Amino acid sequence: MTDPNACAVPQSVPTDGASCALPGAPEAAHPARTWPAAGPQERFEILRRAKSIAIVGASDNPARASYFVATYLRGSSPYDVYYVNPRATEILGQPAYASLADLPVVPDIVDVFRKHDDLPGVAQEAVDAGASALWLQLGSWHEGAAKIASDAGLSVVMDRCVKIEHARFHGGLHLAGFDTGVLSSKRQLLSR
């Protein structure tokens, strides 16, 4: 008979994350998170309802995450994608806008690639623009910005990537995070 506790974490191992920290690393960048994270069903519904996405902090630099996400959304999703960057005039052959207020449409999702201190201001811009959802990219968690958006009726997603979530929900992401190119619910048979 197998011991049911054989795979349990030993009680002597700290479970607060300190054992995984690099030596000399500063304390966690984020204090305890109290905002309820959007679950998979909520994220799916936000993406399903959306017709347009505005990328705030979009970049014309191919080395930036926002550029990579923009190329994915332009080529592999049904969304109309708009770029917001006051220092750019064009990104991926499309016009770049100085602010959300300058967009020719009301974006359904405002996808944010901005530094932490800028997030409340962007949240307010999203509210003012009439957006339906505020989406903060991987590594971005700002409960003040979330409160601004939520109080105005916007859905809020933090610390998630629109590209990854879209691919996950639409069959283009393998469990290991790679694009398989296969859209199927059946396990592939591998030759031995």
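The values are calculated or read from the model by the stated rules, or taken from the named source; none is laboratory data. Just so you know, these numbers come straight off a predicted model, no measurement behind them. Cβ coordinates were reconstructed from backbone atoms using ideal geometry, including for glycine residues, and neighbour counts include every protein chain displayed. In case anyone asks, the SASA skips ligands and DNA or RNA and just uses the protein heavy atoms, side chains included. Shrake-Rupley method; radii C 1.70, N 1.55, O 1.52, S 1.80 Å.
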Inset, instruction - Please work out which one of (1) hydroxyl-bearing (Ser, Thr, Tyr); (2) over 13 Å from Ile109 (Cβ atoms); (3) at pLDDT 90 or above is the condition Ser132 fails and give its number. - result: (2)
Inset, instruction - Among the numbered conditions (1) within 16 Å of the chain's Cα centre (by Cα); (2) within 21 Å of Gly121 (Cβ to Cβ); (3) assigned to a strand (DSSP E or B), tell me where Val81 comes up short. - result: (2)
Inset, instruction - Report, by residue number, each residue of region 123-143 that is over 16 Å from Ala38 (Cα atoms) and either among the small types (Gly, Ala, Ser) or surrounded by 24 or more Cβ atoms within 10 Å (Cβ to Cβ) (or both). - result: Ala123, Ala126, Ala129, Gly130, Ala131
Inset, instruction - Sort out which residues of region 94-114 are farther than 13 Å from Lys51 by Cα, open to solvent by 50 Å² or more (accessible area, probe 1.4 Å) and not in a strand (DSSP E or B), and write them in order of number. - result: Ala98, Ala101, Asp102, Pro104, Arg114
Legend entry - Which numbered condition Pro62 misses (of (1) part of a loop (DSSP other than H, G, I, E, B); (2) in contact (Cβ under 8 Å) with a residue 24 or more places away in the chain): (2)
